[in-house]
Amino acid sequence: MSSTIEAGAFREAMSRFAAAVHIVTTDGAAGRRGVTVTSVASVSDDPATLLVCLNTSNEANQRFEANGCFAVNLLAADSEGLARAFAGEGGLTPEERFALGHWGERVTGAPVLEDALVSFDCRLIDSRIVATHRVMIGEVQAMHLGPDRPALVYHGRAYHRI
């Protein structure tokens with residue numbers, strides 16, 4: 001069954017949402033990957049669980065499921081360059097993108113941005129395709145609270161500092 005909502009109109013409506021900007025990362029046997037996303041949500045606090053949505057059009061995003069882990073790194077307001085790089089702007093290789101930040105790891109081996117406002121290191125517990133996106137649910141294995149400072153948000157197809 002096809003939707004009666006036209007895709008372009010829906011994208012325009014969604015552009016009016018203000019959303020926090022994250023870099024979601026993974027590493028493991030399938031390889032390292034990092035992408036800029038705004039589709040992140042808390043599912044539960046007991047156990048601590050997050051939901052992330054990734055576009056299936058990029059085959060490299062399959063690494064998240066194959067590795068069985070991911071980290072969600074909430075970006076600070078001064079991290080627009082990092083957000084743009086991990087969104088694919090500038091044509092940087094994955095190695096060049098990861099060279100832009102200070103990365104560590106906690107429990108799962110997924111790269112954690114050391115100066116993120118908060119990082120959640122997650123073990124993948126469920127993954128399914130819904131329309132054009134892979135919806136991943138992860139149980140938080142470790143968390144790191146960074147400095148308390150303004151966040152980077154995306155609204156109206158542009159980055160903003162709050």
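The values are calculated or read from the model by the stated rules, or taken from the named source; none is laboratory data. In this text the structure is predicted, and so the values were computed from the model without any measurement. As a convention, Cβ positions derive from the backbone with ideal geometry for all residues, glycine included, and neighbour counts pool all protein chains shown. All accessible areas refer to the heavy atoms of the entire protein, side chains included, with ligands and DNA or RNA removed. Shrake-Rupley method; radii C 1.70, N 1.55, O 1.52, S 1.80 Å.
May I ask you to say which residue of Ala76, Ala48 is over 20 Å from Arg161 (Cα atoms) and modelled with pLDDT of 95 or more?
Working: Ala76 fails: over 20 Å from Arg161 (Cα atoms).
Checking each option against the conditions leaves just Ala48.
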- Note on segment 26-47: residues open to solvent by 80 Å² or more (accessible area, probe 1.4 Å) and of a type in the set (D, E, K, R) are Arg32, Asp45, Asp46
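Applying the selection to segment 107-119, what residues are over 13 Å from Phe64 (Cβ atoms) and open to solvent by less than 50 Å² (accessible area, probe 1.4 Å)? Outline the logic, then answer.
Narrowing segment 107-119 to residues over 13 Å from Phe64 (Cβ atoms): 107, 112-119.
Val112, Leu113, Ala116, Leu117, Val118, Ser119, listed by residue number.
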- State whether the residues of segment 6-17 include one that is surrounded by fewer than 21 Cβ atoms within 10 Å (Cβ to Cβ), under 21 Å from Gly88 (Cα atoms) and in contact (Cβ under 8 Å) with a residue 24 or more places away in the chain. yes
- Quickly run through segment 54-64 and pick out the residues that are touching a Lys or Arg at 6+ places or on another chain (Cβ under 7 Å) and farther than 11 Å from Arg33 by Cβ. Thr56
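Suppose we filter segment 112-132 for residues that are closer than 20 Å to Asn55 by Cα and at pLDDT 95 or above; how many remain?
9
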- Message: For segment 36-53, check the following and say yes or no: at least one residue is more than 18 Å from Arg123 (Cβ to Cβ) and more than 15 Å from the chain's Cα centre (by Cα).
- Response: no
- Query: Got at least one residue in segment 127-147 being surrounded by 15 or more Cβ atoms within 10 Å (Cβ to Cβ), over 16 Å from the mean Cα position of the chain (by Cα) and charged (D, E, K, R)?
  - Reply: no
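Let's see how each residue does on (1) farther than 25 Å from Gln62 by Cβ; (2) under 16 Å from the mean Cα position of the chain (by Cα); (3) modelled with pLDDT of 95 or more; (4) among the small types (Gly, Ala, Ser):
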{"position": "Glu80", "(1), (2), (3), (4)": "yes, yes, yes, no"}
{"position": "Gly91", "(1), (2), (3), (4)": "no, no, no, yes"}
{"position": "Glu96", "(1), (2), (3), (4)": "no, no, yes, no"}
{"position": "Ala99", "(1), (2), (3), (4)": "no, no, yes, yes"}
{"position": "Tyr159", "(1), (2), (3), (4)": "yes, yes, yes, no"}
